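Inspection log for the structure reproduced underneath, given as structure tokens.
The values are calculated or read from the model by the stated rules, or taken from the named source; none is laboratory data. Note that the coordinates shown come from a computational prediction; the quantities given were computed from them, not determined experimentally. No Cβ is skipped: glycine too gets one built from the backbone with ideal geometry, and neighbour counts run over all protein chains shown. Accessible surface areas use protein heavy atoms only, side chains included; no ligands, DNA or RNA. Shrake-Rupley method; radii C 1.70, N 1.55, O 1.52, S 1.80 Å.
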Amino acid sequence: MTEPTPARKRLFIRTWGCQMNVYDSGRMADVLAPLGYAPADSPDGADMVLLNTCHIREKASEKLFSELGRLRAMKADKERDGGRMILAVAGCVAQAEGAEITARAPYVDLVLGPQTYHRLPEMVARAHRAAGAVIETDFPVDQKFDSLPDEAAPQGVTAFLTIQEGCDKFCSFCVVPYTRGAEFSRAPAAVIAEARRLVAQGAREITVLGQNVNAYHGEAPGGAVWGLARLLREMAEIPGLARLRYTTSHPRDMGADLIAAHRDLPSLMPFLHLPVQSGSDRMLRAMNRGHTADDFLRVVDQLREARPDLALSSDFIAGHPGESEDDHAATLRLIERVGFAQAYSFKYSPRPGTPAASADLQVDEAVKDRRLQEIQALLRAQQDGFNRACVGRAMDILVTGPGRHPGQFAARSPWLQPLHGMGAFAAGSLLCARVTEAHPNSLSVQVEGNDLAGPELSTEPRQEKAAA
Ligand code: 5AD
Ligand code: SF4
């Protein structure tokens with residue numbers, strides 16, 4: 001006799017924000033799978049709709065409420081047909097504004113903060129019974145990781161693995177310490193086990209994630225505390241795991257051991273996202289970043305000494321309260337001095353409850369706009385320069401799947417550049433390729449050889465569909 005399988009229910013998840021949220025959405029789908037929920041690609045008629053929200057920049061809650069307005073009608077339609085649509089709001093907006101959500105949108109069934117996802121099945125069951133909304137935004141984070149199922153859905157050739165959550169740094173502008181709570185690191189053994197599982201499921205590249213990933217301090221059996229460098233060294237030994245990355249780091253936690261890992265571990269990719277936010281010491285102090293521009297530049301120099309082909313990415317904020325033209329000029333100077341392969345830049349947006357939001361000297365919108373444009377123009381030029389400099393170069397590439405056009409494959413460079421080329425190569429192949437052309441957001445490559453670390457080259461031409 002076989003176990004009765006639960007009826008298939010349709011689960012639609014909409015994710016806003018960072019890679020952590022993408023990861024969390026995947027895990028929420030995993031914990032709901034045993035209840036019979038399978039992913040749907042539209043909310044229309046779904047049995048459950050989960051909105052995984054991000055609070056980091058402006059208008060998050062307005063976006064959420066307008067989306068909820070649309071879903072309310074779909075929920076009513078479903079009920080008219082005798083069905084039930086569970087509406088759930090997860091993520092940082094849920095954490096920060098749970099009470100407001102249930103007050104303004106009483107038809108929402110579940111509101112859950114980032115630390116309670118493992119309790120989702122129980123909450124869904126309770127929502128089926130309860131008339132009002134179930135709110136769950138307060139639960140210790142270690143229990144979350146311990147209770148998530150081992151059998152996560154395969155993520156493919158490039159996978160994410162959350163090793164750390166939360167932040168104790170309290171940068172003036174940032175909501176993360178309030179929404180994600182205090183820093184928490186998973187135990188190294190649990191991380192290594194999950195990494196091995198991902199590799200067994202086909203991952204060749206793993207990016208370990210955390211809001212403050214290089215503050216990682218996982219407790220190993222016997223009480224020893226592992227930093228990120230130690231964890232990466234251990235992960236580098238996992239057979240079949242060809243590439244390692246980590247994000248997001250804080251300059252203050254770039255210790256000598258982590259810099260040395262960039263020198264010693266060939267599988268640690270030569271690309272690092274290291275947010276600096278500003279090039280002005282005055283602003284860095286106002287932002288409570290705990291380092292100066294020179295400290296950052298020193299770390300960059302040490303990293304480049306350890307790994308000469310290392311390329312950098314960063315985050316910048318234009319128009320933090322109190323920012324003068326001189327401060328802005330210092331940011332442009334820092335960008336010039338470092339030379340970024342790519343970077344993100346944002347106009348400062350006040351997040352309620354953070355110190356910067358109530359600070360005097362808010363910068364005029366038009367000034368913020370202009371400064372952001374100047375930062376972005378410079379970063380764009382640097383990114384184009386970096387991509388153009390790759391033309392003619394040979395590099396190791398990781399095939400991630402078929403490309404957009406017939407006969408094409410998509411791949412990723414060591415510097416996280418999206419690549420495409422012609423040929424029938426299986427996802428997961430590690431190849432040597434030469435860059436033939438730089439485009440605004442990708443590079444064309446020509447394969448020159450199989451480095452034998454990946455699956456065998458396929459000799460069969462891939463089935464090609466006629467272009468539409
Ligand atoms: N305004 C603008 N940008 C912000 N970021 C975080 N909070 C704010 C804010 N209030 C940016 C920072 C951070 C990135 C994830 O988002 O640059 O590194
Ligand atoms: Fe936010 Fe990063 Fe600062 Fe933490 S270190 S408060 S996550 S910007």
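Some notes on this structure:
- Candidates Gly407, Gly319 - the one that is farther than 20 Å from Ile56 by Cα and open to solvent by less than 20 Å² (accessible area, probe 1.4 Å): Gly407
- Among the numbered conditions (1) in contact with an Asp or Glu (Cβ under 9 Å, 6 or more places away or on another chain); (2) free of Cβ contacts under 8 Å to residues at least 24 places away in the same chain, the only one that Leu398 does not meet is (2).
- Number of positions in segment 249-279 that are among the hydrophobic types (A, V, I, L, M, F, W, C), open to solvent by 10 Å² or more (accessible area, probe 1.4 Å) and under 21 Å from Gln383 (Cα atoms): 2
- Among the residues of segment 312-350, those identified as near ligand 1 (Cβ under 8 Å from one of its atoms), within 19 Å of the chain's Cα centre (by Cα) and farther than 18 Å from Thr292 by Cα are Tyr344, Ser345, Phe346.
- Answer from Ala359, Ala381, Ala377 - the residue that is hydrophobic (A, V, I, L, M, F, W, C), within 28 Å of Asp295 (Cβ to Cβ), within 15 Å of ligand 1 (Cβ to nearest atom) and surrounded by fewer than 19 Cβ atoms within 10 Å (Cβ to Cβ): Ala359
- Across segment 68-87, not a single residue is classified as crowded, with 23+ Cβ neighbours inside 10 Å and within 16 Å of ligand 1 (Cβ to nearest atom).
- Within segment 61-77, the set of residues being more than 23 Å from the chain's Cα centre (by Cα) and more than 17 Å from Pro106 (Cβ to Cβ) comprises Asp77 only.
- One residue stands out in segment 335-362 among those that are touching a strand residue (DSSP E or B) at 6+ places or on another chain (Cβ under 9 Å) and more than 16 Å from ligand 2 (Cβ to nearest atom): the one that is nearest to Ile56 (Cα to Cα), namely Gln342.
- Annotation note: of Arg282, Arg304, the sole residue that is among the basic types (Lys, Arg), touching a Leu at 6+ places or on another chain (Cβ under 7 Å) and open to solvent by 10 Å² or more (accessible area, probe 1.4 Å) is Arg304.
- Residues of segment 200-224 that turn out to be under 12 Å from Ser249 (Cβ atoms), aliphatic (A, V, I, L, M) and away from ligand 1 (no atom under 14 Å from the Cβ), as a count: 2
- Test: residue in segment 151-172 that is within 17 Å of the chain's Cα centre (by Cα), of a type in the set (Ser, Thr, Tyr), away from ligand 1 (no atom under 16 Å from the Cβ) and open to solvent by 30 Å² or more (accessible area, probe 1.4 Å): yes
- Cβ pairs under 7 Å, 6+ apart, first in segment 169-193 and free of Cβ contacts under 8 Å to residues at least 12 places away in the same chain, second near ligand 2 (Cβ under 9 Å from one of its atoms) and outside any helix (DSSP H, G or I): Pro177/Cys167; Pro177/Asp168; Pro177/Lys169; Pro177/Phe170
- Residue among Ile101, Ile86 that is at pLDDT 85 or above and either in contact with a helix residue (DSSP H, G or I) (Cβ under 6 Å, 6 or more places away or on another chain) or within 16 Å of ligand 2 (Cβ to nearest atom) (or both): Ile86
- Of everything listed in (1) open to solvent by less than 10 Å² (accessible area, probe 1.4 Å); (2) within 16 Å of ligand 2 (Cβ to nearest atom); (3) not acidic (Asp, Glu), the single unmet condition for Pro177 is (1).
- Residues of segment 195-219 that are open to solvent by 10 Å² or more (accessible area, probe 1.4 Å), small (Gly, Ala, Ser) and not in a helix (DSSP H, G or I): Gly202 alone.
- Unique match (being within 16 Å of ligand 2 (Cβ to nearest atom) and out of contact with any strand residue (DSSP E or B) (no Cβ under 8 Å at 6 or more places or on another chain)) among Asp295, Asp301, Asp315: Asp295
- Of the residues making up segment 220-235, those that are in a loop (DSSP other than H, G, I, E, B) and open to solvent by less than 30 Å² (accessible area, probe 1.4 Å) number 1.
- Condition broken by Ala40, with the remaining ones in (1) modelled with pLDDT under 90; (2) open to solvent by less than 40 Å² (accessible area, probe 1.4 Å) satisfied: (1)
- Hits in segment 362-374 - residues which are away from ligand 1 (no atom under 13 Å from the Cβ) and assigned to a loop (DSSP other than H, G, I, E, B): Asp364
- Residue in segment 16-24 that is of a type in the set (Asp, Glu) and open to solvent by less than 30 Å² (accessible area, probe 1.4 Å) present: yes
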